[in-house]
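Participant: Sharing a structure, written as structure tokens. Questions coming.
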Amino acid sequence: MSDTMPDRLSATPGSPFYDEALLEKGIGIRFNGEERTNVQEYCISEGWVRLAVGKTLDRKGNPMTIKVSGKVEAWIKGPEGDSAGEAGKE
């Protein structure tokens with residue numbers, strides 16, 4: 001498997017964009033310049049993320065989300081959990 005990120009990825013197992021092998025490697029998401037940890041789904045080409053809202057669940061047991069538009073960057077975190085995008089920042 002290559003280290004290129006898919007254009008769209010979801011953390012919900014029922015989604016057609018779910019990829020368990022990729023999620024196990026660890027994914028880093030930067031949205032509008034800020035690293036986010038509550039992203040449930042993203043689409044780089046369309047420029048949006050779905051963010052979990054608190055601990056609230058929907059009737060199927062999935063986190064309640066809101067869709068927010070902006071600049072999306074995604075990368076695979078290394079084995080130590082380092083963020084690849086932070087290497088050049090000071």
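Participant: Given a Förster radius of 22 Å and the C-beta distance between Val53 and Ser15 as r, what FRET efficiency does 1/(1 + (r/R0)^6) yield to the nearest 0.05?
Facilitator: Rounded to the nearest 0.05, the efficiency is 0.80.
Participant: So, one more: Using DSSP to define loop residues, name the trypsin sites (Lys or Arg not before Pro) in region 1-67 whose beta-carbon has at most 13 other beta-carbon atoms within 10 Å.
Facilitator: Details: sites: Arg8, Lys25, Arg30, Arg36, Arg50, Lys55, Arg59, Lys60, Lys67; in loops: Arg59, Lys60.
Of the trypsin sites (Lys or Arg not before Pro), the ones in loops of region 1-67 whose Cβ has at most 13 other Cβ atoms within 10 Å are Arg59, Lys60.
Since every read-out is calculated from the coordinates, none of them should be taken as a lab result. Please read these numbers as outputs of a predicted model, since none were measured by experiment. Here the Cβ is made from the backbone with ideal geometry for all residues, glycine too, and neighbour counts use every protein chain on show.
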